[in-house]
Amino acid sequence: MDGASAVVTKGLRKSFGEVVAVDGLDLQIAKGTLYGLVGPNGSGKTTAIKILVGLLRPDQGEASVLGEKVPLTLKRPSIGYMPQDISVYSDLTVHENLEFFGGLFTMDKERFVRREAEILKVIDLEGRRDAMVSTLSGGMRHRVSLACALIHDPQVLFLDEPTVGVDPELRAGFWDFFRELKSEGRTVVLTTHYMDEAVRCDVVGMMRNGRLIAEGEPRSLMVSTGTANLEDAFLSYSRRGAK
Amino acid sequence: MSLSRTLAVTRKTLRSLRHDRRTAAFLVLMPLFMIALFGYTFGGDLKDIKVCVVNLDQGLNGTSAANAVVAGMRGSPTLDIIAYYGPGAANVSQVDATIAKVQKGEAWATVIFARNFTADAAQAISALQHGLQSNSVQVRIEVDSSNPNIADAVLGTVTGVVQTVMVQNYHLIPPIQVSEHRVYGQGAQFIDFFAPGVMGLAAMMVTFMLSIISFVHERSTFTLDRVLTSPITEGEFVGGYALAFGLVGLVQSSVILVTAVLLFNIPIVGSPFLVLLVIFLLAVGMQGLGFLLSSLAKSEFQAIQFLPIILFPSILLAGVFWPLESVPDVLRPISNFIPLTYAVDANRSIMIRGWGIDNVWVQLLILALFAFAMLLLSTWALKRRK
């Protein structure tokens, strides 16, 4: 196991009945990388993420995060996960949501208060700390959802389609924030089917039918396919794979 | 096992309920409404049952046994004599007229005294006193038995009045009497019997309903996914919810206890804390059952379909309103598998008989095992998702 790797998978396979969702996935994601798993809906991105955070057990192969085999026990406090949907408690306030998720990581009060202030500032919701989540706009709820994944200051962050349903302005803000997390030395593994925004990742893994069809820096993927954007690069790799 | 993570789930769950004012009000008002409604509906005795009386009795030597019985009936709050045809004014055609009233639903019964009622009674009494055989004297009652409770009340009242008249007016004391000593429940009324049942039923209904809906919601909004990627274990998560809903059950039971004592003056002979412990165990177990069944439901709509499946057998077969002895033999084994049966039995014994833990430990043990098994199975169901 490479100590410089945040995430490693070998021959990962997971099927649901007849449908093979992940089919022999090999990944090696270095620490401090902003890594984007891209691909169309149903390509296996979410299943791969769910295996990595311990919500699904692989049928074959193995995966490890920060050197520990999944499902994690010791390293669980070091990961953060944001599901695709806005999975926060709408019948609680922003503060109560953060306090609950902080409580799950047994954060002491002093650390929580400091971290909560930092996070609320970052997501620009300082003035809405005591607002019920149900009263917030969709964009604000997305930000709360992200904040809940970050409250315990994780080293590796798994974000499943973090920008789906987010308006363009907020989406740009999210990407700036992901870059900032990366610059602080954190590893961010995210999924997206918006190819154009994945260009801001350090490394992109292209998935199709549960397999990784290409992986590399966005620019080099475009160069090697002679395309001007990641979407065309993806289509080019898809056609090669289909031949 | 981390207590602080468990308590984080408990606090979160209780906060959600607190913010949802309608649900919070429902949790407090529903048991209050239930006990008040049941108390006022079933708590009182039957009264003012409409009856007719046709008194054809001619009497004997200026006295009429029928008059004495009618006077006793008039003095009973159970009966309301809406039509009375007394001696002289009464004739045989009025017998048919009053029977017609019963047939039309205007009265529940008509009580008919024959012309020679007193004379025959005197003859029968005299024969008895001389050790001779005699035909018994009949009071004829035409009664609508479509409601057996009402029919029994009419027959019981008239029989009681006749016996009283026999003793008081004719000094005819029955040779055999049943001597009654109430070991428990001296002066107990029907509400004292069913208040412990309603308490268990309310706690069971609410914790089961909240639990099944809450967990389906946790699943459908993916908050459960997020929670389970944190260091919390499945057992801690289930335990946190169990503690929250157990506390909800305690609050509800307290509301019912206080209401029942204040409004209906029910006795609590034993320890109220033991009563609350019974409810807590029941609530924790039902929360676990709700959790288990929620894993079979894909939506809140599907989840609430489990409610009648669990609730109806509990209402009918757990001895809440009727004693278990009235449950048919073929259904009795089902009663033994309903946790509410043991909660109702234990609380009834604690509240009315004043029993302590040394007498109800079996019921407590069964409820504790049920709660423990449900928590274990819920934890297993959560782990199985992966």
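Residues checked against (1) assigned to a helix (DSSP H, G or I); (2) within 19 Å of the chain's Cα centre (by Cα); (3) modelled with pLDDT under 85:
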| site | (1), (2), (3) |
| --- | --- |
| B:255 | yes, yes, no |
| B:258 | yes, yes, no |
| B:263 | yes, yes, yes |
| B:286 | yes, no, no |
| B:314 | yes, yes, no |
| B:333 | yes, no, no |
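Inspect all residues belonging to segment B:367-376 and state whether any of them is assigned to a loop (DSSP other than H, G, I, E, B) and free of Cβ contacts under 8 Å to residues at least 12 places away in the same chain. Talk me through it step by step, then tell me what you get.
Initially, segment B:367-376 is screened for residues assigned to a loop (DSSP other than H, G, I, E, B), giving none.
No, because not a single residue in segment B:367-376 is assigned to a loop (DSSP other than H, G, I, E, B) and free of Cβ contacts under 8 Å to residues at least 12 places away in the same chain.
Residues are listed down the side, and each one gets a yes or a no for (1) modelled with pLDDT of 85 or more; (2) touching a helix residue (DSSP H, G or I) at 6+ places or on another chain (Cβ under 6 Å); (3) not in a loop (DSSP other than H, G, I, E, B); (4) not β-branched (Val, Ile, Thr):
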position	(1), (2), (3), (4)
B:36	no, no, yes, yes
B:44	no, no, no, yes
B:50	yes, no, yes, yes
B:67	yes, no, yes, yes
B:95	yes, no, yes, no
B:105	yes, no, no, yes
B:115	yes, no, no, yes
B:123	yes, no, yes, yes
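Taking helices (runs of 4 or more DSSP H) that do not extend beyond segment A:179-243, which have at least 2 residues that are surrounded by fewer than 16 Cβ atoms within 10 Å (Cβ to Cβ)?
On the way: elements: A:195-198, A:218-225, A:230-242.
Passing ranges, in order: A:218-225, A:230-242.
So that you can scan it fast, the table gives a plain yes or no per residue for (1) more than 24 Å from residue B:267 (Cα to Cα); (2) β-branched (Val, Ile, Thr):
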{"position": "B:345", "(1), (2)": "no, no"}
{"position": "B:350", "(1), (2)": "no, yes"}
{"position": "B:361", "(1), (2)": "no, no"}
{"position": "B:374", "(1), (2)": "yes, no"}
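Is one or more of the residues making up segment B:37-51 touching a strand residue (DSSP E or B) at 6+ places or on another chain (Cβ under 7 Å), surrounded by fewer than 18 Cβ atoms within 10 Å (Cβ to Cβ), more than 14 Å from chain A (Cβ to nearest Cβ) and at positive phi?
Yes, some residue in segment B:37-51 is touching a strand residue (DSSP E or B) at 6+ places or on another chain (Cβ under 7 Å), surrounded by fewer than 18 Cβ atoms within 10 Å (Cβ to Cβ), more than 14 Å from chain A (Cβ to nearest Cβ) and at positive phi.
Under 7 Å by Cβ, and 6 or more places apart or on different chains, what pairs join a residue from segment B:111-125 that is closer than 24 Å to residue B:152 by Cβ and assigned by TED's automatic domain parsing to the domain that holds residue B:81 with one that is in a helix (DSSP H, G or I) and of a type outside the set (Gly, Ala, Ser)?
Between residues of segment B:111-125 that are closer than 24 Å to residue B:152 by Cβ and assigned by TED's automatic domain parsing to the domain that holds residue B:81 and residues that are in a helix (DSSP H, G or I) and of a type outside the set (Gly, Ala, Ser), the close pairs are B:111/B:158; B:112/B:95.
Among helices (runs of 4 or more DSSP H) lying entirely in segment A:10-123, which contain 1 or more residues that are at the interface with chain B (Cβ under 10 Å from one of its Cβ atoms)?
Answer list for segment A:10-123: A:45-52, A:94-104.
State whether one or more residues within segment A:134-156 are crowded, with 20+ Cβ neighbours inside 10 Å, out of contact with any helix residue (DSSP H, G or I) (no Cβ under 8 Å at 6 or more places or on another chain) and within 12 Å of another protein chain (Cβ to nearest Cβ).
Within segment A:134-156, one or more residues are crowded, with 20+ Cβ neighbours inside 10 Å, out of contact with any helix residue (DSSP H, G or I) (no Cβ under 8 Å at 6 or more places or on another chain) and within 12 Å of another protein chain (Cβ to nearest Cβ).
Output the residue which, of all residues in segment B:77-86 that are part of a loop (DSSP other than H, G, I, E, B) and touching a Lys or Arg at 6+ places or on another chain (Cβ under 9 Å), is surrounded by the fewest Cβ atoms within 10 Å (Cβ to Cβ).
If we filter segment B:77-86 for residues that are part of a loop (DSSP other than H, G, I, E, B), which is where we start, we get B:77-78, B:86.
Now drop any that are not touching a Lys or Arg at 6+ places or on another chain (Cβ under 9 Å), which leaves B:77-78.
On the way: B:77: 11, B:78: 19.
The residue in question is B:77.
The values are calculated or read from the model by the stated rules, or taken from the named source; none is laboratory data. Treat the numbers as computed from the prediction; the structure is a model and nothing was measured. So basically every Cβ, Gly included, is an ideal-geometry build from the backbone, and we count neighbours across all protein chains shown.
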